[in-house]
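What follows is a single structure, written as structure tokens, with notes after it.
The numbers here are math on the coordinates, done by the rules we state, and not lab data. Computed from a prediction, not measured in an experiment: that's the story for all the values here. When we count neighbours, we look across all protein chains shown, and the Cβ atoms used for this are built from the backbone with ideal geometry, even at glycine.
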């Protein structure tokens with residue numbers, strides 16, 4: 001009765017887990033990679049400084065695990081995670097940020113990340129997250145647990161509101177946002193007002209400041 005569990009256990013321990021790291025801060029990215037390679041079970045497939053570069057590099061050979069920073073220029077973590085879950089559903093995603101707050105964590109989990117790790121965590125925490133999502137498909141830690149606990153208190157955006165929210169936090173006029181989403185300016189205004197109400201702000205500037213302070217968007221930086 002113990003043969004199968006032991007067999008699975010040793011197969012897992014002997015497996016090579018390939019990973020990729022996507023983070024625009026070169027020193028941090030290189031340091032994280034060097035640290036993770038100290039764990040013999042892990043093997044680096046590639047690294048990238050933003051989502052577009054990552055997608056190009058893994059297009060024909062995705063790794064088992066992708067570690068994605070939330071705040072990156074160009075294609076940020078939120079957009080990257082959404083794309084990865086749609087096109088590489090078997091690849092597990094670990095969202096990474098120095099903004100370890102419930103807003104950012106819940107947003108990346110809703111977009112499909114399998115767990116969240118803070119940049120303030122220990123290397124062993126990242127290794128445990130990697131092995132957990134590889135073996136079980138998920139990883140629960142204090143960040144995820146606390147974010148889930150507070151989820152009912154957070155503003156809940158619809159898919160369209162979330163899409164407009166991301167554009168509101170960028171350097172685009174309302175007309176440009178409407179053009180990008182192929183909707184009218186009046187529709188943008190209506191969704192903007194509802195977003196302001198949900199986040200309890202009264203201006204776009206206040207929304208952007210709130211967003212940056214809570215790590216809700218990275219492409220505005």
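Okay, here's what the table says:
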quantity	calculated
Length released on extending from residue 201 to residue 142, taking residue separation times 0.36 nm less the Cα-Cα span	18.3 nm
Angle between the chain longest axis and helix 77-87 axis [Cα atoms, degrees, rounded to 10]	60 degrees
Calculated log₁₀ intensity ratio I(q)/I(0) where the Debye formula runs over C-alpha points of segment 155-213, q = 0.12, 0.16, 0.25 Å⁻¹	-0.23, -0.42, -1.06
Degrees, to the nearest 10: 123-135 long Cα axis against longest axis of the chain	80 degrees
Cα principal axis extents for the chain, largest first, Å	64, 35, 29
Relative contact order (%) - segment 3-151, alpha-carbon pairs under 8 angstrom, separation at least six	19 percent
Share antiparallel - DSSP beta bridges, segment 3-151, percent rounded to 5	0 percent
The chain, helix-only ellipticity at 222 nm - DSSP H runs n ≥ 4, -39,500 (n - 2.57), divided by all residues, nearest 500	-15500 deg cm²/dmol
Stretch gain in nm, segment residue 171-residue 120, where the contour uses 0.36 nm per residue and the Cα spacing is subtracted	15.4 nm
Nearest 10 degrees, 0 to 90: helix 159-168 Cα axis against the chain principal axis	70 degrees
Contour excess over end-to-end distance, with Cα ends at residue 40 and residue 210 and 0.36 nm allotted per residue	57.1 nm
Label-point gap, in nm, between residue 31 and residue 128 - each point 7 angstrom along Cα→Cβ	2.2 nm
